[in-house]
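First comes the structure, then the notes that go with it.
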Ligand SMILES: [Zn+2]
């Protein structure tokens, strides 16, 4: 007790300093979460307490270096507070794309930079931090004999224990995600891509491939595949649509499944070797290519996407973690067909699809299955609520694809649409939820094909094969080889055995 008394000033200082950090920085990461019932509020309360306790640990250790702390703290704190302002007001996601925008001074495109409130908030943060530094300078030099030192060491250890227990649980929140984002920004692209040296050509002349890359959609929740609920009220009315319900992948999260789908990498290959980008091959066969995505790009597949001639990312400053993320229909606003283009073309539409938090993925008109989730903490939710919310995202997908098909019908080009989800989703099987875990449900993504009337007329043999293959088992390897086959690619070896055509 005597010791505590001696260090009273220091303890009070760090208590108030952490309150300051909480108000200006940390709380912003919690403010948009739907809390729902009391149990969920308590869980997030504990979560926040652990986060702030770990922040205290790092800040305290830094404060042992008095001069460095006096300079570094106000600077870092003010920068973090300005990021937090956009999280508070717009729920933007702090990741590499926002760091890139700031460093390349394109930040004004993303956020309302010059608002009066923003400057007031940042100025207030700066003044408060300088006031605290003034108090800090008057403190007796911190020492490792202080009980706070032991607490700080415990706090830092707790950070690593919690992160080890569940990856990203703290790192995805401010202030940590700011440092993670900078690290990601400077990181190099992970996949090695082979350069095309062959003289590739295509014997097609008027082909338009639309590849829709879905997210977290499991095959068995589509009524097209026999699901009892009507999750495909619109698509089931369409002609020329075939569902492949036996597609498999052992790669159950976006960062590893997408690079495999978009290259000649097999699901069994390791990442170390170099692969061909699907788009580079089509590009050298004189296809035009465009990517319209509603997900910010991860390092593992950024280079593949950038091998498209045109890349548009919708709402790139909101990630799956944001509750204000743009919905997928925005992609269709940007998707324009060019009838006059006398060339083959591939358009890839990358959806945010059915990624958790499900309610953020659809608008009110699609809230058909109720009750839905009212909290982000799954421990406070019933499986009925979770499945209802998930199935509502599928109604939205049904509407999305149906709109797209109606648009494609207007074209005179030979048009083929392939929809493939990057992986499935677990909805309570074996007590598991979501994806990135091995489970039958996460390894069976949904896949659909739709073709235009003139595609059917020009490729009767391929349509016949498509229909007879629809119940066969394929891995997601099929995509690369199937697209090269319908493109009638010459001078590049692909595996016809893996093609659905
Ligand atoms: Zn995914």
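Details
- Filter pass, residue 463 being surrounded by fewer than 23 Cβ atoms within 10 Å (Cβ to Cβ), in a strand (DSSP E or B) and touching a residue at least 12 places away in the same chain (Cβ under 8 Å): no
- Taking the listed residues 418, 405, the one that is closer than 20 Å to residue 215 by Cα, outside any helix (DSSP H, G or I) and touching a strand residue (DSSP E or B) at 6+ places or on another chain (Cβ under 9 Å) is 418, with no other qualifying.
- Scanning the range 433-474 for residues that are within 16 Å of the ligand (Cβ to nearest atom) and closer than 26 Å to residue 279 by Cα returns 443, 444, 445, 446, 447.
- Within the range 249-270, restricting attention to residues that are more than 10 Å from the ligand (Cβ to nearest atom) and surrounded by fewer than 20 Cβ atoms within 10 Å (Cβ to Cβ), the residue that is nearest to residue 440 (Cα to Cα) is 250.
- Criterion: at pLDDT below 95, crowded, with 19+ Cβ neighbours inside 10 Å and under 30 Å from residue 203 (Cβ atoms) - qualifying residue of 343, 316, 325, 413: 413
- From the options 484, 498, 448, residue that is surrounded by 22 or more Cβ atoms within 10 Å (Cβ to Cβ) and under 18 Å from residue 263 (Cβ atoms): 484
- For the range 46-83, a residue qualifies if it is under 18 Å from residue 159 (Cβ atoms) and exposed (fewer than 14 other Cβ atoms within 10 Å of the Cβ), and the qualifying residues are 46, 49.
- Residue match in the range 145-152 (condition: touching a strand residue (DSSP E or B) at 6+ places or on another chain (Cβ under 6 Å), in a loop (DSSP other than H, G, I, E, B), over 30 Å from residue 286 (Cβ atoms) and touching a residue at least 40 places away in the same chain (Cβ under 8 Å)): no
- Residue in the range 368-390 that is within 16 Å of the ligand (Cβ to nearest atom) and assigned by TED's automatic domain parsing to the domain that holds residue 253 present: yes
The values are calculated or read from the model by the stated rules, or taken from the named source; none is laboratory data. Predicted model only: the values in this text are computed from it and were never measured. Positions of Cβ are backbone-derived with ideal geometry, glycine not excepted, and every protein chain shown enters the neighbour counts.
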